[in-house]
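Undergrad: Dumping the structure here so I can ask a few things about it.
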Amino acid sequence: MIYCGNLLHLADILLALYPFNDNGSGELLRVILTTLQVSGLALGISTLVGVPFGAFVALSQIRARRVITVLLYTGMGFPPVVVGLAVYLVLSRSGPLGELEWLFTPLAMITAQTIIAFPLVAGLTVAALEGVDPELRLRAISLGSSRVQEAIIVMQEAKGGLVAAIVAGFGGIISEVGAAMLVGGNIESSTRVLSTAIVLETRQGAFGFALALGGVLLSLSFLINVIFVMLQGQRRWYRR
Amino acid sequence: MRQREIGVGISIITIFLVIVGSSCSSEPARLILATTTSTYDSGLLDEILPDFEARNSAQVDIVAVGTGQAISLGERGDADVLLVHDQEKEQAFVEAGFGSERIPVMYNDFIIVGPLEDPAGIAGLQDATKAFKEIALNMTAFVSRGDESGTHSKEMKIWDMAGINPDPSSSWYYAIGQGMGETLQFAQESKAYTLVDRGTYLSLKENLDDLMVVVGGSKIENNTDPNLINEYSVIPVIPSGSVTGPSALAEAFAEWLVSIETQEKIAGYLKYNLPLFIPLANHQP
């Protein structure tokens, strides 16, 4: 049987390279890798879609601009668990996309997290680009820039804000529990991520371990944000 | 953003997607088992499942949720087999054609825990219904799961037998709509009574200094109230629209759970030196 359920074998591949994977730390490493893969892919997709979409909304002259902006801002406050429920109903075997058999696999989690991160990334992109001095756009246009060149110039100027938009999207999904639990199922060695593992350990009364996992999640988040801020710092190089 | 950076970003994502895509391959058959948090948290399944997986070269993915949610997963066809503990909901599930049959696997028991001061004076009672009546009469704090779980169903059944309809807006009855761990923590902090399955209570006991067992005794054998029996059954799920019934793997799982060998393993599974589950399947010699 060709089976695409238990995907994302990067964790397995890396674990095979990891020399001490026959003790408890192997499972912890797997949970960390699954967390990075799921949230990393979800963030990647929502960035690829959300930043251009936000740029289009911010820089275009379409009449629905304000409405779309308000919708994006509303989406930022949407409860992730509701997104999870909607994704569950769609991916359920009795739902419209049940044929895909994505439910209770990392793919379902990536889908939910992409939807959760999208309004954060796109909405804050709109905010960042609208904050750019309109003079800059006028100057670009007067120098004969195309629409795309104009957008790139504005985005370069607002680079700090764009990185902040991506960071906000990341923060919204890496620690999210409700949707991850609902569509992933918190299955050991498959869809267990740090946030759902923390819920499990808390429920089982292993408060100390749960807290330690919280520390791991926090450190991971810290390291990734260091990278983001380093990207933000390069902004000066692009100043003209 | 320079084109180079965009290029690097796109290639990273492409590499990820290729890895995801290339992992679509032939794999062992997958069985999704929806079960209750109490079963999962007991650690029993981790102990016995490898045997089933080896025999059937299958992979069992366990989704641990409340009984209410587990049954919904079954109704929508998202689980292949259920291992749950709510007799009435299970019967309704099978009668509605969602499952082939309900096969009792094992049981343990519910107990009532409460504050050390025992304000309702019910410590040592044998009868849960009588204890609930005393709690309501004295209006001492009681915390309910309130989440349609198996434990919540059992609690509502006992209130029903006591002839009491607890009102969540009253000052002594708290329906918190959370899991067993949170409910016990709430009972501990607000000096309330609650109904809990023995396994979960034992595993969380060290964080619950201000609570004690008031009804049900220190082990299953000492619990004489038949209403406190906590029976777990396995139900192979019939996928919606299927004419052939449950998958062969789901049927095999149910058979394996009640086989003599597995039943003996269930009986031999100890935690805190006490058996957590007592096998229930009938084996004719």
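Undergrad: If you scan segment A:118-131, which residues turn out to be touching a Leu at 6+ places or on another chain (Cβ under 6 Å) and closer than 19 Å to residue A:183 by Cβ?
TA: Residue satisfying the conditions is A:119 alone.
Undergrad: Taking only pairs six or more apart or across chains, which ones have beta-carbon atoms under 6 Å, a first residue in segment B:186-213 that is among the acidic types (Asp, Glu), and a second residue that is at pLDDT below 90?
TA: Partner pairs satisfying both residue conditions: B:197/B:38.
Undergrad: Still on this structure: Somewhere in segment B:190-210, is a residue away from chain A (no Cβ under 14 Å), modelled with pLDDT of 95 or more and touching an Asp or Glu at 6+ places or on another chain (Cβ under 6 Å)?
TA: Yes.
Undergrad: Here's another thing I want to ask about it. Which residue, of B:154, B:133, B:89, is assigned to a helix (DSSP H, G or I), assigned by TED's automatic domain parsing to the domain that holds residue B:207, within 18 Å of the chain's Cα centre (by Cα) and in contact (Cβ under 8 Å) with a residue 12 or more places away in the chain? Working first, answer last.
TA: Values: B:133 fails: within 18 Å of the chain's Cα centre (by Cα); B:89 fails: assigned by TED's automatic domain parsing to the domain that holds residue B:207.
Unique residue meeting the criteria: B:154.
Undergrad: Filter segment A:37-65 for residues that are farther than 14 Å from residue A:162 by Cβ and facing chain B (nearest Cβ under 10 Å) and give the result.
TA: Once the filter is applied, which keeps residues that are farther than 14 Å from residue A:162 by Cβ and facing chain B (nearest Cβ under 10 Å), segment A:37-65 yields A:37, A:40, A:41, A:44, A:45.
Undergrad: Something else now. Working only within segment A:49-96, note down all residues that are surrounded by fewer than 16 Cβ atoms within 10 Å (Cβ to Cβ), free of Cβ contacts under 8 Å to residues at least 60 places away in the same chain and not in a helix (DSSP H, G or I).
TA: A:60, A:61, A:62, A:63, A:64, A:77, A:78, A:94, A:96
Undergrad: In segment B:262-285, how many residues are in contact with a helix residue (DSSP H, G or I) (Cβ under 8 Å, 6 or more places away or on another chain) and exposed (fewer than 14 other Cβ atoms within 10 Å of the Cβ)?
TA: The qualifying residues number 2.
Undergrad: Take residue B:178 and tell me if it is outside any helix (DSSP H, G or I), modelled with pLDDT under 95 and not aliphatic (A, V, I, L, M).
TA: Taking the combined requirement at face value, the residue satisfies it.
Undergrad: Let me ask something else. For segment A:198-219, which residues satisfy the criterion of being without any contact (Cβ under 8 Å) to a residue 12 or more places away in the chain, touching a Ser or Thr at 6+ places or on another chain (Cβ under 8 Å) and in a helix (DSSP H, G or I)?
TA: If we filter segment A:198-219 for residues that are without any contact (Cβ under 8 Å) to a residue 12 or more places away in the chain, which is where we start, we get A:202-209, A:211-212, A:215, A:218-219.
From what's left, touching a Ser or Thr at 6+ places or on another chain (Cβ under 8 Å): A:203-205.
Answer for segment A:198-219, where residues must be without any contact (Cβ under 8 Å) to a residue 12 or more places away in the chain, touching a Ser or Thr at 6+ places or on another chain (Cβ under 8 Å) and in a helix (DSSP H, G or I): just A:203.
Undergrad: Quick test of your reading of the structure: residue A:153 fulfils all but one of (1) in contact with a Leu (Cβ under 9 Å, 6 or more places away or on another chain); (2) closer than 17 Å to residue A:42 by Cα; (3) β-branched (Val, Ile, Thr). Name the failing condition by number.
TA: (2)
Undergrad: Now a separate question. Any idea which residue in segment B:211-232 is farthest from the other protein chains (Cβ to nearest Cβ), counting only those that are part of a helix (DSSP H, G or I) and surrounded by 17 or more Cβ atoms within 10 Å (Cβ to Cβ)?
TA: Of segment B:211-232, the ones part of a helix (DSSP H, G or I) are B:220-222, B:226-228.
Now restrict to residues that are surrounded by 17 or more Cβ atoms within 10 Å (Cβ to Cβ): B:220, B:228.
On the way: B:220: 20, B:228: 22 Å.
If we take residues in segment B:211-232 being part of a helix (DSSP H, G or I) and surrounded by 17 or more Cβ atoms within 10 Å (Cβ to Cβ), then B:228 is farthest from the other protein chains (Cβ to nearest Cβ).
Undergrad: Let me ask another. When you scan segment B:72-101, how many residues do you find that are touching a Lys or Arg at 6+ places or on another chain (Cβ under 7 Å) and over 24 Å from residue B:44 (Cα atoms)? Quick ask: steps written out before the conclusion?
TA: Just the residues of segment B:72-101 that are touching a Lys or Arg at 6+ places or on another chain (Cβ under 7 Å), to begin with: B:76-78, B:90-91, B:94.
Now narrow it down to the ones that are over 24 Å from residue B:44 (Cα atoms): B:76-77, B:91, B:94.
Going through segment B:72-101 one residue at a time, the tally reaches 4.
The values are calculated or read from the model by the stated rules, or taken from the named source; none is laboratory data. Just so it is clear, the model here is predicted, and its values are computed rather than measured. Backbone-built Cβ (ideal geometry, glycine too); neighbour counts: all protein chains shown.
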